[in-house]
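Reviewing the structure listed below.
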Amino acid sequence: MRTCVSIIDNNPEEALNSAKLAEQRGADMVELRFDLMSPLPTQLGGFSSVHIPKIATLRLASQGGRYTRSEKDRLAFFQSAMKAGFHLIDLESSSPLWDRREKELRGAHLICSYHDFERTPSGGAILEMMVKASSGAAIPKAAFRVNEIKDLLSIIDAARMFSATGKEFVLIGMGELGEVTRVCADRIGSAFTYASLEKGREAAPGQVDLDSLRRLQDGKVITGIIGHPLSHSLSPAMHESAFLACGIPGRYLTFPVRGDELETFLQVAVEVEMRGFNVTIPHKESIVPLLDRLDPTAEAVRAVNTVVLEGGDAIGYNTDVHGIVMALKEHGVEVKGRKALVLGAGGAARAACAALAGQGARITVANRTRAKAESLAQRFKNIHAVPVEDAQRESFDLVINCTPLGMKGFPDELPISPVIFHEGQFVMDTIYNPPLTRLLQEAQKRGAQIANGESMLVHQALRSFEIWTGKVPPAESMARALREGLE
Ligand code: NAP
């Protein structure tokens with residue numbers, strides 16, 4: 001995948017140094033954003049010390065740049081850039097210079113660019129735009145703000161259709177959702193992808209830094225997470241640290257996906273050859289009918305938190321079950337024959353029931369909506385559902401909270417009366433943020449051994465990573481990334 005670093009320094013000398021640095025660090029091309037420089041350099045000879053292809057850009061204010069001087073001055077600048085050995089001139093499709101290019105910019109290799117910072121049009125409209133831009137340009141380039149998953153499909157569709165012309169092009173999705181079009185630019189068919197020299201020096205929203213893109217040169221593994229909302233997910237930090245620890249050229253992307261976008265997302269994931277993705281609230285159950293098959297654990301639980309894309313098939317796994325099994329093991333909890341209470345009846349509760357049932361516990365489920373607890377109980381042998389008030393009158397060796405009560409952003413209430421906690425009992429909260437929920441505080445006060453959801457989270461992530469890559473990352477690297485994210 002060819003990378004072009006956008007140089008955004010205000011000072012021409014610093015811009016030259018940054019361009020040289022980009023070349024040293026392995027960039028294939030550089031784009032000099034002269035519209036951001038003050039003053040605009042009159043002598044461009046110094047740039048001949050940068051040997052990789054150079055693009056001269058004077059982005060107009062109306063297209064997200066800062067160039068406000070006349071078109072006449074712009075033309076003169078581009079002419080001197082050509083003389084100074086700039087390989088490509090970036091000219092917006094809307095520029096009045098476009099019609100004069102054959103006369104005034106004869107022999108120039110032009111990038112005909114278009115930017116929409118608000119929205120992405122349909123695939124057909126993008127294609128039309130690209131075909132028009134390609135007449136007279138070496139490379140048509142268009143960048144659109146990606147607001148929803150269907151925008152990604154529009155960009156990919158247009159790229160597939162335009163590829164049939166055999167001409168080079170660049171198509172970019174801007175914003176967080178558009179990042180996949182940058183890291184998978186080659187898979188979409190783009191001639192190159194724009195990069196920032198460093199993190200925090202992006203020329204456009206969603207641009208990825210050069211070092212991160214260079215790591216993805218060969219055999220990249222693209223994974224990610226879908227859910228809604230996704231603002232506080234710590235999975236990206238954990239998986240990125242695992243990729244680094246294992247020396248795998250991987251990237252873990254974040255996709256806020258609504259329920260009505262699941263099918264479109266699967267299409268996008270297949271198109272860009274994602275290795276797989278995690279699934280979180282609220283899609284763990286609704287994704288099931290869209291998958292080609294489930295592994296036995298996911299089948300038993302009928303909830304999926306990990307999808308693998310293999311040979312055109314989407315296969316569902318549930319690594320939350322493994323996460324709970326490992327968390328109990330890590331805390332030295334004896335499960336066989338013990339009396340366990342699971343609070344809640346959603347995806348996490350199903351995983352807890354599968355984990356506990358697999359190890360021979362006697363399980364009671366108590367949930368706000370009793371019918372849901374009953375339907376969960378029917379899925380497994382030896383589980384019975386009771387109202388929360390009835391559970392309060394019993395004694396349990398193990399309690400696992402699988403409701404979001406006490407989680408950051410949710411009501412700070414207890415899912416059950418604290419009278420059920422006692423010495424010699426193990427109480428686990430699947431919540432990890434905050435690390436010490438009210439439930440755990442109450443249990444600790446009454447002498448119970450406690451654990452939060454950190455260990456479960458790390459182990460489910462380790463297992464997902466192993467399913468995708470065949471490698472087991474050091475648990476410590478993921479745990480450290482999680483702790484740093486929680487600080
Ligand atoms: P879910 O499928 O939406 O289920 C939530 C459950 O909690 C439902 O049974 C629901 O009851 C109950 N609930 C929700 N709000 C409640 C309230 N105000 N009062 C009483 N009960 C309430 O969610 P999930 O995927 O199972 O996740 C549940 C929790 O597990 C979350 O806090 C999540 O962070 C945690 N989790 C942790 C990990 C980890 O790795 N540590 C992994 C997965 C999940 P109704 O049936 O009555 O709606």
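What to note about this one:
- Helical segments meeting 24 Å axial Cα length and Kyte-Doolittle -0.5 threshold in the chain (DSSP H): none
- Between region 320-352 and region 149-196, the alpha-carbon center distance in angstrom: 43
- P(r) weight above 16 Å for region 174-232, C-alpha pairs, percent: 47
- Sum of side-chain charges, Ala300 neighbourhood, beta-carbon under 13 Å (Lys, Arg +1; Asp, Glu -1): +1
- Listed by Cβ neighbour count within 10 Å, with the fewest neighbours leading, Leu213, Leu486 appear as Leu486, Leu213.
- Legend: P(r) of region 1-159 from all alpha carbon pair distances, 5 Å bins from 0, whole percents, reading 2, 9, 17, 20, 20, 16, 10, 5, 1, 0.
- Taking amide H atoms as placed 1.01 Å from N in the peptide plane, the amide H of Gly250 lies under 5 Å from those of Val221, each 5 or more residues away in sequence or on another chain.
- Cross-link pairs beyond the 22 Å C-alpha cut-off, checked among Lys72/Lys103; Lys54/Lys220; Lys132/Lys220; Lys54/Lys141: Lys54/Lys220; Lys132/Lys220
- Neighbour net charge for Glu118 - beta-carbon separation under 12 angstrom, K R +1, D E -1: 0
- Taking His322, His331, His239 and counting other C-beta atoms within 10 Å, the order from fewest to most: His331, His322, His239
- Packing-based exposure ordering (other Cβ within 10 Å, fewest first) of Trp468, Trp98: Trp98, Trp468
- Residue-count net charge about Asp157 - beta-carbon cut-off 13 Å; Lys, Arg +1, Asp, Glu -1: -1
- For the chain, alpha-carbon Rg over 2.2 N^0.38 Å: 1.18
- Cα-based Rg / Dmax (Å) for region 341-487: 15.7, 47
- Here is how the number arises for the chain: DSSP H runs of 4 or more residues each give -39500 (n - 2.57), the sum is divided by the residue count, and the result at 222 nm is -10500 deg cm²/dmol.
- Temperature 10 °C, viscosity 1.306 mPa s: under these conditions the Stokes-Einstein estimate for region 401-487, based on its Kirkwood radius over C-alpha pairs, is 113 µm² per second.
- For region 139-288, the Kirkwood hydrodynamic radius comes to 15.8 Å, computed from all pairs of different C-alpha atoms.
Only the coordinates and a few stated rules stand behind these numbers; no lab work does. Fair warning: this is a prediction, and the values are worked out from it, not measured in the lab. With ideal geometry, Cβ positions are generated from the backbone for all residues, glycine too; neighbour counts draw on all protein chains shown.
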